[in-house]
Amino acid sequence: MTGKLPQVITLASESSSAASYDNHPIANINDHVVRISVMTQPYHWNLHPNSDETFLVVEGRLKIEFESGVLELEPGQMVTVPRGVRHRTSPVGDRSVNITFEAANAETIAISS
């Protein structure tokens with residue numbers, strides 16, 4: 001790095017969306033992307049055939065449903081969903097803000113319930 005400082009990301013401003021679901025990239029690391037997700041409604045069942053997906057809860061609580069059960073994460077908790085595993089995320093309460101980490105070329109396949 002010569003003469004230019006890295007960009008500082010402020011999570012509060014990145015998570016200020018009033019939309020029922022907002023998921024956008026905030027950083028790239030090698031061949032991975034870091035996204036921030038703000039949700040007030042459940043996301044559809046899906047899977048990623050070519051990437052694991054890690055969720056880190058920043059605000060609120062996050063429910064992740066699997067075919068085999070349900071996890072609920074609190075702020076500061078993190079879990080990795082292995083590639084190919086069907087899952088559905090939703091906020092517990094009014095709103096959840098989460099950081100996700102996945103391969104930059106991750107495919108998302110929607111699954112009808």
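Annotation note: of Ala27, Ala18, the sole residue that is at pLDDT below 95 and of a type in the set (A, V, I, L, M, F, W, C) is Ala18. In segment 32-60, of all residues being closer than 17 Å to Met78 by Cβ and touching a helix residue (DSSP H, G or I) at 6+ places or on another chain (Cβ under 9 Å), the one that is surrounded by the fewest Cβ atoms within 10 Å (Cβ to Cβ) corresponds to Glu59. If you filter segment 11-31 down to residues that are of a type in the set (Asp, Glu) and buried (at least 16 other Cβ atoms within 10 Å of the Cβ), you find that the one that is nearest to Arg95 (Cα to Cα) is Asp22. Taken together, the residues in segment 55-98 that are under 12 Å from Ser37 (Cα atoms) and under 11 Å from the mean Cα position of the chain (by Cα) amount to 10.
The values are calculated or read from the model by the stated rules, or taken from the named source; none is laboratory data. Quick caveat, the model's predicted, so the values are computed rather than measured. Backbone-built Cβ (ideal geometry, glycine too); neighbour counts: all protein chains shown.
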